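Working notes, structure below.
Every number here is computed from the coordinates shown, using simple stated rules; none is lab data. The model shown is predicted, which means the values in this text are computed figures rather than measured ones. No Cβ is skipped: glycine too gets one built from the backbone with ideal geometry, and neighbour counts run over all protein chains shown.
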Amino acid sequence: MEIARDTTMEAWKAALNKIKEHGKSILDTEGRISNELLNLSITINSPDEDFTKPIEIMRGFKSWSYPEQEELEDVFFKKEASSSYYYTYGARIFNYTSSKDQIEEYIIPLLAKQPNSRRAIVVLYQPVIDSKLEVKENPCLISIFFRIIDQKLTVSAMLRSNDIFVGWPANIYQLCLLQKYVAERLGIECGSITTISHSAHTFKEYDEEIEVVLMKR
Amino acid sequence: MHLIEQKILNKFKKEPLREISTTEIVREAHPEDYSRILLSIDNEQKDRRTANQAKRKKGQLHRKVLYHLNNLVSNGVLKVSSIKGKGEKYFALTIDEGELVVEKHHRQIVITKPSISTNLIEEYEAKGIVHKYDPENWVNKLNCILLESTNHSGINKFYDLVYNCFSEVNDCLGLNNFEHMIQGNTPENMAENLRRMDIDTRDHDRFVSIIINARNINDDEKMSKFIRDFVKIKPKNIPVVFKADSKDLKSHDKLFRMIGEEFLKEEIRLNFHNRKVHEAPIIFGKAGPYSLSDEEWQDYEENIRGKTIGLAMASTSIAIDMHRLMQEDRSSKEFRELLMRTAKTLLKVSANQRKKSNDYFKRLNELNKPYTKKFFAHTKNHIRFWNFNLKDPQQENLLELFESSREEIKRFCSTERIIYNSCGIPTNFDIVFSSIFTRFNNSLSQREYVKTIVRDFKDYHGDEMAYFIATKERLAKIFDGGDRCRFSRKDTGSTGAIMREIIFLMNSFELPLITYDFREVKGEIKLTNFLPSFSE
């Protein structure tokens, strides 16, 4: 199932609508009722225009505290994994298995040398650590693929499990910052961002808030 | 700028939120000299002269560093934030938040102190309703750590770890399975280390709970010797908690009679942790008790024990003075609103702590590598309640209010964990309710609740006592972060009778921790009078 829109807000609302209309109601392992679609692809053609908007909206709700932008950036860009987190995306991207900075040592030099390469992939999932029955928390973001099309850097991210209402705004914010960073290092412009969510879902308990978002212009 | 001042300021630059002791600053300024001095002092028994010289040198270093510290205080950069133990000064930055530029003789040091917004609870703090525990260190130190004795064989090395952990907590440590140390070391060595621990806990103003797992006692003689030495030393800040069930007590009947007798004689509190009701250890601090859920404890026993030095039990505590709150506004809506504000504050603090945890808990990270995450897997934030009186008709629904509020707070924590997790920030943020001790701070309201007096053993079956115990049983379930039921005794009888009562209480009631307090023993010793109370 595919969605393609020009702005982040349009894409977010379209995805929430799609799940609302076509999602299958499922009881998850923690007893929460979710609406779920498999393999939902969401493309934002010009994310730069409004990529912070969804997290601003999420921060505006009084029923919960949404993470601060600073923390969202920290966990995505810091290579040192803090002892307080089970894992961080930053450590997986910039210090994979404590030995490889996938952006500095691979993506940037590769695309600088071979702009047409199809090999520019960052992997976050570590089967040796994550594929264990007793592991309670493992990353939702599995891989990030960079590709230069028409002199613009596009990003495609694969997510195994993706709460489109709560988590997707943060994912887009973080991916957009990473895209900007890599594009700047390569001296090119940013292109589209696509997320492919194996399990794209929303939870029933947020139905009211989802309606509020869908009503926004 | 003098080199020592630079070193001091760099220490504060690294840890701008901390209150730092003179000793720690001296160690930072003169690391090599200080470790040589410590080695020589530890050598005391072999060479008294060298040890005395080392002590003199230590004094000189302290004076030298204090001179520079005082300079920084006069210049308005630092302030004396507290004086603890035997008069040791603790220093903190004068600024509350923002940037501090210290410039002297062409050298500039810029220190940034981040703001930790607590504006959600500020108005309640101003009214004395809400109190942070140890505000100077409430972000950069843990409240409580459990250390596992069975990871070590020698008490000397284990005690080094205990000592090192004093600077990592602002309240207390729990020494789990301490019987392993008692039975594996000589009584003389144990007594010597207990003496050191007594002095150090007083100096550092920390508590250490010795947890003796009665099921593992296999050398009653060594245990008796340790107890006799303990009673002789009578450490001020070191409570002993016996983890047992009635069978354990019966199988070491003679030993526990002796313990009862010795503790009674010296008016030391007897703490029995009823393992039949609750498995996770209960640790006593100044702020109150600390514990975990039994599921979390099972995770520790099965997946963590032996891999880490123990467990980080608690990071932050906030107290709510119920008496003052009730005077202000008795509505349950106000109470729920305050709790939610407190929970959101703890969430913010927790985010700040996470962000800087590699700086704040550097030593703990090193000590637990490569299992640091496991060490922090079950760290809790505590909301503690002070001075509520269930006998007050206007507070009669308080238990129900506590119960429903606890559910709300649990839901809040779970929602936040899910939200953070969905955003790629996997955390274990959790809040528990627990009781409080008067040592939490000096600003709590005066105790208002009335103690329940029992004059005879048969009063256990009286209505008042039955109500008291049933209430404590319910509270123990609500206060999943730790609670205890204390019986202050005016008159006592034979220790055999005391043990029979404890066994009766353990078998009959769902009380996780029973404390017998003999400090109010006066006159003839008769087993007739108990003074149970709801809080400390």
ask   = What fraction of the DSSP beta bridges in chain B is antiparallel, stated in percent and rounded to the nearest 5?
value = 50 percent
key: Per-residue ³J(HN,Hα) for the range B:184-191, Karplus 6.51 cos²θ - 1.76 cosθ + 1.60, θ = phi - 60°, Hz, x for Gly and Pro   = x, 10, 6, x, 5, 5, 5, 5
ask   = chain B: Rg/Rh from Cα coordinates, Kirkwood Rh?
value = 0.97
note = Taking chain A and counting helices only, DSSP H stretches of n ≥ 4 at -39,500 (n - 2.57) each over all residues, the nearest-500 ellipticity at 222 nm comes to -10000 deg cm²/dmol
task = With a cut-off of at most 13 other beta carbons within 10 Å, and DSSP calling the residue loop, which GluC sites (Glu not before Pro) in the range A:50-120 qualify? Please list them.
result = A:E80
note = Whole-Hz Karplus couplings 3J(HN,Hα) for the range A:43-50, θ = phi - 60° and coefficients 6.51, -1.76, 1.60, Gly and Pro as x, run 10, 10, 6, 10, x, 4, 4, 8
ask   = Under the Karplus relation 6.51 cos²θ - 1.76 cosθ + 1.60, θ = phi - 60°, what is the ordered set of whole-Hz ³J(HN,Hα) values for the range A:146-159, x standing for Gly and Pro?
value = 10, 8, 9, 10, 6, 6, 10, 8, 9, 10, 10, 10, 9, 10
message = As a footprinting exposure proxy, order B:T471, A:T195 by other Cβ within 10 Å, with the fewest listed first.
response = B:T471, A:T195
request  = Would you order B:L173, B:L401, B:L3, A:L175 from fewest to most other beta-carbon atoms within 10 Å of each residue's own beta-carbon?
outcome  = B:L3, B:L401, A:L175, B:L173
message = Over 19 Å between Cα atoms: which of B:K141/B:K362; A:K53/A:K216; A:K79/B:K355; B:K344/B:K477; B:K344/B:K410; B:K391/B:K472 fall into that group?
response = B:K344/B:K477
task = With a cut-off of at most 15 other beta carbons within 10 Å, and DSSP calling the residue loop, which GluC sites (Glu not before Pro) in the range A:115-203 qualify? Please list them.
result = A:E134, A:E137
request  = Find out how many positive minus negative residues lie around B:G87, taking Lys and Arg as positive, Asp and Glu as negative, among other residues whose Cβ is under 12 Å from that of B:G87.
outcome  = +1
query = Can you give the extra length, in nm with one decimal, that the chain gains between B:H461 and B:N507 once fully stretched, where that is 0.36 nm per residue apart less the Cα-Cα distance?
reply = 15.1 nm
key: Dipole magnitude (debye, nearest 20) for chain A, charges at Cβ of Lys, Arg, Asp, Glu   = 600 debye
task = Could you tell me the distance between the Cα centroids of the range A:50-119 and the range A:147-201, to the nearest Å?
result = 11 Å
task = Could you tell me which of rounded, prolate or oblate describes the range B:214-253, using a ≥ b ≥ c as the square roots of the eigenvalues of the alpha-carbon gyration tensor, with rounded for a/c under 1.5 and, failing that, prolate when a/b is larger than b/c and oblate otherwise?
result = oblate
ask   = Around A:T154, which amide H atoms from residues at least 5 apart in sequence, or from another chain, sit under 5 Å from its own amide H, with H modelled in the peptide plane?
value = A:R147, A:I148, A:I149, A:G191
note = Per GNM of chain A with C-alpha springs under 10 angstrom, the most fluctuating residue out of A:G167, A:G187, A:G90 is A:G187
query = Where does each of A:H198, B:H180 land when they are ranked from fewest to most other beta-carbon atoms within 10 angstrom?
reply = A:H198, B:H180
key: Charge dipole (debye, nearest 20) of chain B; +1 at Cβ of Lys and Arg, -1 at Cβ of Asp and Glu   = 1680 debye
key: Helix-only mean residue ellipticity at 222 nm for chain B, each DSSP H run of n ≥ 4 adding -39500 (n - 2.57), per residue, nearest 500   = -14000 deg cm²/dmol
Members of A:K132/A:K180; B:K157/B:K369; B:K89/B:K356; B:K11/B:K157; A:K100/A:K180; B:K84/B:K234 lying beyond 23 Å, as alpha-carbon distances in this model show = A:K132/A:K180; B:K89/B:K356; B:K11/B:K157
